[in-house]
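A.B. asks: Pasting in a structure now, in C-alpha cells, and then I'll have a few things to ask.
A short reminder: the numbers here are calculations on the coordinates, not readings from a lab. It should be emphasised that the depicted structure is a prediction, and the values quoted were computed from it without experimental measurement. Glycine also receives a Cβ, built like all others from the backbone with ideal geometry; neighbour counts cover every protein chain displayed.
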Amino acid sequence: MSLKTLLPGSTSPTGQQITLGVMGGGQLGRMFVQAAQAMGYFTAVLDPDPASPAGLISHYHILTPYDDEQGLAQLMQRCEAITTEFENVPAPALVTLGAHRPVAPSAACVAVAQDRIKEKAHFVQCAPVSGVFPAPYAAITTDALLAAVPADLLPGILKTARLGYDGKGQVRVSTREELAAAWDRLDKVPCVLEKLLPLRGECSVIVARGADGQAVTFPVQKNTHRDGILALTEVHEGALDAALAQRAQASAVAIAHHLHYVGVLCIEYFVVDGANGQPDLVVNEMAPRPHNSGHYTQDACDLSQFEAQVRALAGLPLPVPRQHSAAIMVNLLGDLWFEPNAARPKPSAIPVSPPWAQVLALPGTHLHLYGKLSARAGRKMGHLNITAPSVAQVRETTAQVLALLGLPALDA
Ligand code: ADP
Ligand code: MG
C-alpha cells in the first residue's frame, strides 16, 4: 500500500491513536520509537525478545518471531504504517505487511540491501548516474564460478552474500587455495569475493527520501572502524575533502532514486587513491535504515536521522537538514564496562559503569545508552555524541572523553 500523510497526534478513522510500527526492537528501533513518540505518535514494536531496547519503551510490544503470522496480523491491526530497523528482517514478512499497510522501505528495497550480490549489481547499474563503482568483485555461488575468479581479485575478502555485519562472515584470502578453503569453511553459501583495496579512509552518507521522490542528505560522516566495528564518526569541517563529500552525497541520492527508495538509507564508501593523488570513492554497501554512523545527527543537526525516518514513513515534509555543531560520535561497546579507565585503573571481571559523571561534566557531551540489561565485549551498549562550536573544541573534548574511557586517542 502506498503512504499517506499521517499527521502527528491525530486519530485513525477507527478512532485509534495514529501508531507507527517497527520490525525489530534493537537500538535503532528504540531511537525511532523515541523520535516518533516525541512527535506525538504511538508506537508498536515486533520483536521476540521481552527485553529488547525498543520493546521496553514502546506503547505496544508484540512478542513473536518476525515471520509469525499472528504477530504480523497484530502489528498491522495496531499500525497505520510500518518500517524496519534491521536489514535481516525476513523479506516475506515485509511483503505480507506491505499488502495491507504502507511499509517503508519496501520489501523490494530491503531484499536488495540484504544480499551483497544484488546490492553490488545495483551499484554497478547505478554507476553511470552515481559516478561511483563498487570494488572489483565476483559472485561465487558455484564451483565453476569459484574456478573462474580472475586472478587480479586476489588478495581479496570473501564475504557471505547474506547476514554479514560488523565484519562477521568475512575472510581475507591471498591465494586460490585459501579462497577455496575459506569458501568450504563457509559451507559454500553464496558469497562475493572483493578485491582488497588500500583504503585511505571510510565515509558514509545518510539519505532520506520521501514517497514524493524528494531526497535530502545529511553531512557526510568520516568513519573509523576497529576490529570490524564502527568506533568513531567525525563530522566537521576538514574531516573529509569537501569535493569528495559532495560526490558521495550526489551518489547516495542517485542510488536512492534508482531504487525508488522511501525512508532512511545509509550508504558506506571507501576512500581510495584516485588520479593525480586526489582521493576517490568506491561504494561499499548500504543499510536500508538509519545507521550507527548517522547517530551524530541527533545532537549536531536540526533534524535527526530517526526523525527523518518518522517523517518519511508518515508522509511529512523532509527539509534539508542543517548541521549546527561540529560533531564526533564515540561508540560505547560492552568492553568499556570491564576495561580500565581513568576512574577505574584496574580491569574488572564484573561489569562496572564507565565514569559517566566525569564524562558528562565536559561541555557538549550527549550520552545515549540503549537500555541493554547486560554488557558483553563487542556489544553495542550506547554511543556518545560530542558537539562543539568549533573543530578544535570538539576534538579537545573528545580527547578528554577518550582518555577517561581508556579508549585509543584520535588520529592527529
Ligand atoms: P559489514 O557488513 O561487516 O560492515 P563491510 O563490507 O562494510 O561489512 O566490511 C567491514 C569493513 O571491512 C569495512 O568497513 C572495511 O574497513 C573493511 N573492508 C571491507 N571490504 C574491503 C575491501 N574490499 N578492501 C579493504 N577493506 C575492506
Ligand atoms: Mg559495513
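A.B. asks: What is the Cα centroid distance between region 309-388 and region 64-81, reported in whole angstrom?
C.D. replies: Rounded to whole Å, the Cα centres lie 31 Å apart.
A.B. asks: Quick one: give the max-minus-min coordinate of the C-alpha atoms of region 329-396 along each principal axis, largest first, in Å.
C.D. replies: Largest to smallest, the principal-axis extents are 39, 24, 17 Å.
A.B. asks: Can you give the convex hull volume of the alpha carbon atoms of region 90-136 per residue, in Å³?
C.D. replies: 75
A.B. asks: Per residue, how big is the convex hull around the C-alpha atoms of region 58-206? Give it to me in cubic angstrom, could you?
C.D. replies: For region 58-206, the hull spanned by Cα atoms encloses 159 Å³ per residue.
A.B. asks: Further question: Which residue, chosen from His59, Pro355, His225, occupies the Cα position most advanced towards the positive end of the dipole of the chain, where the dipole is computed from +1 (Lys, Arg) and -1 (Asp, Glu) charges on Cβ about the Cα centre?
C.D. replies: Result: His59.
A.B. asks: Which part of region 117-149 falls in the paramagnetic zone of Ala250, meaning amide N under 14 Å from the point 7 Å along Cα-to-beta-carbon?
C.D. replies: Answer for region 117-149: 127-133.
A.B. asks: When the convex hull of the Cα atoms of the chain is projected onto a plane and the area is averaged over all directions, what value comes out in nm²?
C.D. replies: Approximately 20.8 nm², given one-decimal rounding.
A.B. asks: Which value, in debye to the nearest 20, gives the size of the charge dipole of the chain about its Cα centre, when Lys and Arg are +1 and Asp and Glu are -1 at the Cβ?
C.D. replies: Here the size comes out at about 360 debye.
A.B. asks: Rounded, prolate or oblate: pick one for region 178-264, where a ≥ b ≥ c are the square roots of the eigenvalues of its C-alpha gyration tensor, a/c under 1.5 means rounded, and failing that, prolate if a/b is larger than b/c, else oblate.
C.D. replies: In terms of gyration-tensor shape, oblate.
A.B. asks: Report the Cα centroid-to-centroid distance between region 106-169 and region 207-259 in angstrom, as an integer.
C.D. replies: Going from one Cα centre to the other spans 20 Å.
A.B. asks: Give me the compactness ratio for region 281-329, meaning the Cα radius of gyration over 2.2 N^0.38 Å.
C.D. replies: Normalised Rg, Cα atoms only: 1.24.
A.B. asks: Output the pairs from Lys118/Lys222; Lys4/Lys168; Lys118/Lys380 with a Cα-Cα distance over 31 Å in this structure; if there are none, say none.
C.D. replies: Lys4/Lys168
A.B. asks: Pick from Val394, Val271, Val95 the residue whose mean-square fluctuation is largest in a GNM of the chain, springs joining Cα atoms under 10 Å.
C.D. replies: Val95
A.B. asks: Test of understanding: express the Cα radius of gyration of region 38-122 as a ratio to 2.2 N^0.38 Å, with N the residue count.
C.D. replies: Computed over Cα atoms of region 38-122, the ratio equals 1.12.
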